[in-house]
Amino acid sequence: MISAYAVADVYAVERAAMAELAEGELMARAVSGLAEVARLRLRERGGRRVVALVGPGNNGADALYAVSALAADGYLSAAVHLDGQVHDGARRATEKSGVVLAAGPGDGVPGASVAAMVGEADLVLDGILGIGGRAGLPTFARPWVEAIGPGAYVLAVDLPSGQDPAGLVLDPDGVFADETVTFSAPKPVHLLPATELACGLLTVIDIGLDFDGVAASVRRLDRTDVARLWPIPGPRDDKYSRGVVGIIAGGENYTGAAILATTSAACSGAGMIRYVGTPTSTSLVRAAVPEAVHGVGQVQAWVVGPGLDVASRAAGAKAQLDAARAAIESDLPVVLDAGGLDLLRGPRSAPTLLSPHAGECARLLTRLTGDDVARADVEAAPVAHAARLADATGATVLLKGSTTLVIGPEASGPAYSQNDAPAWLATAGAGDVLAGLLGTLVAAGLPVDVAGALGALVHGCAAEAANPGGPVRALDVAHALPVTIARLLPVT
Ligand SMILES: NC(=O)C1=CN([C@@H]2O[C@H](COP(=O)(O)OP(=O)(O)OC[C@H]3O[C@@H](n4cnc5c(N)ncnc54)[C@H](O)[C@@H]3O)[C@@H](O)[C@H]2O)[C@@H](O)CC1
Ligand SMILES: Nc1ncnc2c1ncn2[C@@H]1O[C@H](COP(=O)(O)OP(=O)(O)O)[C@@H](O)[C@H]1O
């Protein structure tokens, strides 16, 4: 598991370490790791020119020291900084090592020469702001960032400047890095959906800080966690003890969603599937998933909603909707997706996992809170909106996207944020496959937040396995689940 820590906690751990170490030791460790990554990237790309964008704080000092080390190695090194607002030691190191220094804007150095210096760089070290910064790129740095050439490799120190350290909102004018080098541990900005995209590849450098006993602010499961968490059957298990999942999905319109969700539940190892559909969906599921049994019965968890049309007056729709409402009113765990979200009236007493995409999250918030929330609002501030939905419903919310967030109501512990899927997974029906997989995990008894994070992880891995590097269809993601799961489990 990867843990990200809140900025205040990182500072506290740093202060404790500094009290034990010689002055400057922590920064020296950070700089040495940063310079090493920069050297590696310059070598890989055959680059010769490096420029550091230097802000007034320690982040700028890291970048200045690193660029000095690169100058000593013979790279053509330069730095732009705010005159009079540079770390003294770092400035002295830079002057000694022959780095070309340009202060700008505002001290007589023409903006054009600063722009040319930045524009020619093969590698740009972004040290404008670190985790102590606020969201938003400072005005002085705008011309620097605008001057970055299209072919430059942008290596951010700690975070891409302008981006929110807490990871709550994206600054479209901030830096978008190819890679972010951070120290000791990730911070929320690196893992959360709004800002992760701006960080590029994340490289964490160990500088010897100890986070034992510090609570994570955001968690991310990795592939090595699957063996520990997956419900593996034992010799005493039978289909019922493994968990029966009831799936109320599809209708006369979205028949495919029924097949995708039930196939996914079967392929992820549900002990048994009870399917409740309309006549056409039912006959298609009978053909596609012969393992499923039909009609309402005893289950350990319900999945309600993929392809469910709550306004349908087609044959069998009323009976299916009655079953869906009864499932939501029951005291059993429920995964609510797509059309099922339209049936939620308020908090439930049993474990509940909502799995909206941004549009569905906006629609549900609008209905439940009375505020007009648009899809774009959710996309701009995913954590705030998902948390609001969790608080309004008492449920755990799995907000789907390229980074999928799993967050419970206030005080229910840190969120999970998963980024395991290729962008090819952004395809119709992929969410229906996820719903079936979540149903398997919740019916097996996993807590809904763990089921959400684990499901998103395995769903992403199955999408990659279905056709590495190329397009995937949703049904192939479901069919890739058995072998994907087997590969993630220990060999017995
Ligand atoms: N094969 C199937 O049976 C499938 C069934 N599905 C089911 O379909 C139902 C509706 O899901 P949605 O997420 O589509 O519904 P939503 O109502 O959440 O989203 C539709 C939104 O997409 C916008 N939109 C539609 N076409 C667009 C286009 N070409 N370009 C830009 N925007 C466009 C619409 O304006 C609307 O805002 C759900 O119940 C879902 O489970 C989907 O999962 C797809 C596959
Ligand atoms: N850009 C992306 N990269 C990776 N995964 C994505 C991306 N966009 C969406 N996804 C994933 O694809 C799935 C789409 O689900 P959803 O929007 O419900 O589609 P549908 O309703 O058509 O099944 C979700 O699991 C989501 O996390």
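The values are calculated or read from the model by the stated rules, or taken from the named source; none is laboratory data. Nothing here was measured: the structure is a model prediction, and the numbers come from that model. Note that we place each Cβ from the backbone using ideal geometry, even for glycine, and neighbour counts take in every protein chain shown. In case anyone asks, the SASA skips ligands and DNA or RNA and just uses the protein heavy atoms, side chains included. Shrake-Rupley method; radii C 1.70, N 1.55, O 1.52, S 1.80 Å.
Take the residues in the range 426-479 that are among the charged types (D, E, K, R) and within 14 Å of ligand 2 (Cβ to nearest atom), then tell me which one is nearest to Thr224 (Cα to Cα).
Glu464
If you go through the range 417-433 one residue at a time, do you hit one that is away from ligand 1 (no atom under 16 Å from the Cβ), in a strand (DSSP E or B) and of a type outside the set (A, V, I, L, M, F, W, C)?
Yes, there is a match, as at least one residue in the range 417-433 is away from ligand 1 (no atom under 16 Å from the Cβ), in a strand (DSSP E or B) and of a type outside the set (A, V, I, L, M, F, W, C).
I need the full set of residues from the range 383-401 which are open to solvent by 10 Å² or more (accessible area, probe 1.4 Å) and away from ligand 1 (no atom under 16 Å from the Cβ), in order please.
Val383, Ala384, Ala387, Arg388, Asp391, Ala392, Gly394, Thr396 - these are the residues of the range 383-401 that are open to solvent by 10 Å² or more (accessible area, probe 1.4 Å) and away from ligand 1 (no atom under 16 Å from the Cβ).
Could you identify the single residue in Arg242, Arg228, Arg286 that is charged (D, E, K, R), farther than 30 Å from Ile2 by Cα and either within 16 Å of ligand 2 (Cβ to nearest atom) or open to solvent by 10 Å² or more (accessible area, probe 1.4 Å) (or both)?
Going through Arg242, Arg228, Arg286 in turn, just one is charged (D, E, K, R), farther than 30 Å from Ile2 by Cα and either within 16 Å of ligand 2 (Cβ to nearest atom) or open to solvent by 10 Å² or more (accessible area, probe 1.4 Å) (or both): Arg286.
Among the numbered conditions (1) within 21 Å of Val450 (Cα to Cα); (2) open to solvent by 20 Å² or more (accessible area, probe 1.4 Å), tell me where Gln298 comes up short.
Of (1) within 21 Å of Val450 (Cα to Cα); (2) open to solvent by 20 Å² or more (accessible area, probe 1.4 Å), only one is false for Gln298: (1).
So which pairs qualify, if the first residue must be in the range 347-367 and in a strand (DSSP E or B), the second must be polar (S, T, N, Q) and at pLDDT 95 or above, the Cβ gap must be under 8 Å, and the two must be at least 6 apart or on different chains?
Thr352/Thr393; Thr352/Thr396; Leu353/Thr396; Leu354/Thr393; Leu354/Thr396
List every residue pair whose Cβ atoms lie under 6 Å apart, where the two residues are 6 or more positions apart in sequence or sit on different chains, the first residue falls within the range 230-244 and is closer than 20 Å to Gly455 by Cβ, and the second residue, located anywhere, is of a type outside the set (Gly, Ala, Ser) and not in a loop (DSSP other than H, G, I, E, B).
These pairs meet every condition: Pro233/Arg242; Val244/Met272.
With respect to Ala102, is the statement that it is under 30 Å from Gly413 (Cβ atoms) and open to solvent by less than 70 Å² (accessible area, probe 1.4 Å) true?
Answer is no for this residue.
Report whether or not Gly413 is open to solvent by 40 Å² or more (accessible area, probe 1.4 Å), in the same structural domain as Ala465 (by TED's automatic domain parsing), more than 17 Å from Ala216 (Cα to Cα) and more than 16 Å from ligand 1 (Cβ to nearest atom).
Taking the combined requirement at face value, the residue does not satisfy it.
Taking interchain pairs and intrachain pairs at least six residues apart, which have beta carbon atoms under 9 angstrom, with the first residue in the range 315-331 and modelled with pLDDT under 95 and the second surrounded by fewer than 21 Cβ atoms within 10 Å (Cβ to Cβ)?
As it stands, the answer is Ala315/Glu252; Ala315/Pro279; Ala315/Thr280, since those pairs meet every condition given.
Taking the condition of being more than 7 Å from ligand 2 (Cβ to nearest atom) and either hydroxyl-bearing (Ser, Thr, Tyr) or surrounded by fewer than 24 Cβ atoms within 10 Å (Cβ to Cβ) (or both), how many residues in the range 416-425 meet it?
Result for the range 416-425: 5.
Is it true that Ala466 is in the same structural domain as Lys400 (by TED's automatic domain parsing), touching a strand residue (DSSP E or B) at 6+ places or on another chain (Cβ under 8 Å) and away from ligand 1 (no atom under 13 Å from the Cβ)?
Details: in the same structural domain as Lys400 (by TED's automatic domain parsing): yes; touching a strand residue (DSSP E or B) at 6+ places or on another chain (Cβ under 8 Å): no; away from ligand 1 (no atom under 13 Å from the Cβ): yes.
Taking the combined requirement at face value, the residue does not satisfy it.
Name the pairs whose Cβ atoms lie under 9 Å apart, with the first residue in the range 73-101 and free of Cβ contacts under 8 Å to residues at least 60 places away in the same chain and closer than 22 Å to Phe140 by Cβ, the second open to solvent by 60 Å² or more (accessible area, probe 1.4 Å) and β-branched (Val, Ile, Thr), and 6 or more positions between them or separate chains?
Matching pairs, first to second residue: Ser77/Val100; Ala78/Val100; Ala79/Val100.
Any chance you could count how many residues in the range 12-26 are more than 28 Å from Asp225 (Cβ to Cβ) and open to solvent by 40 Å² or more (accessible area, probe 1.4 Å)?
10
Hey, could you check the range 201-214 for residues that are under 22 Å from the mean Cα position of the chain (by Cα) and open to solvent by less than 60 Å² (accessible area, probe 1.4 Å) and say which is nearest to Arg29 (Cα to Cα)?
Checked the range 201-214; the qualifying residue nearest to Arg29 (Cα to Cα) is Ile205.
For the list (1) in contact with a His (Cβ under 9 Å, 6 or more places away or on another chain); (2) surrounded by fewer than 20 Cβ atoms within 10 Å (Cβ to Cβ), I need the number of the one condition that Ala462 fails.
All conditions are met except number (2).
Here is a check on your reading of the model: is Ala292 open to solvent by less than 30 Å² (accessible area, probe 1.4 Å) and in contact (Cβ under 8 Å) with a residue 60 or more places away in the chain? Full working, then the answer.
Details: open to solvent by less than 30 Å² (accessible area, probe 1.4 Å): yes; in contact (Cβ under 8 Å) with a residue 60 or more places away in the chain: no.
No, not satisfied.
Considering each residue of the range 147-200, count those that are under 13 Å from the mean Cα position of the chain (by Cα) and either under 23 Å from Ala35 (Cβ atoms) or assigned to a helix (DSSP H, G or I) (or both), and give that number.
The qualifying residues number 14.
Out of (1) part of a strand (DSSP E or B); (2) within 15 Å of ligand 1 (Cβ to nearest atom); (3) of a type outside the set (Asp, Glu), what's the single condition that is false for Ala265?
Against the list (1) part of a strand (DSSP E or B); (2) within 15 Å of ligand 1 (Cβ to nearest atom); (3) of a type outside the set (Asp, Glu), Ala265 comes up short only on (1).
Taking Glu360 as meeting all but one of (1) near ligand 1 (Cβ under 9 Å from one of its atoms); (2) open to solvent by less than 10 Å² (accessible area, probe 1.4 Å); (3) more than 15 Å from Tyr275 (Cβ to Cβ), write down the number of the exception.
For Glu360, the failing item is (2).
For Pro409, all conditions in the list (1) closer than 29 Å to Ala387 by Cβ; (2) assigned to a helix (DSSP H, G or I); (3) more than 14 Å from ligand 2 (Cβ to nearest atom) hold save one; what is the number of the exception?
So the condition that Pro409 fails would be (2).
If we scan the range 142-156, do we find a residue that is surrounded by 19 or more Cβ atoms within 10 Å (Cβ to Cβ), among the hydroxyl-bearing types (Ser, Thr, Tyr) and more than 26 Å from Asp377 (Cβ to Cβ)?
Among the residues of the range 142-156, at least one is surrounded by 19 or more Cβ atoms within 10 Å (Cβ to Cβ), among the hydroxyl-bearing types (Ser, Thr, Tyr) and more than 26 Å from Asp377 (Cβ to Cβ), which makes the answer yes.
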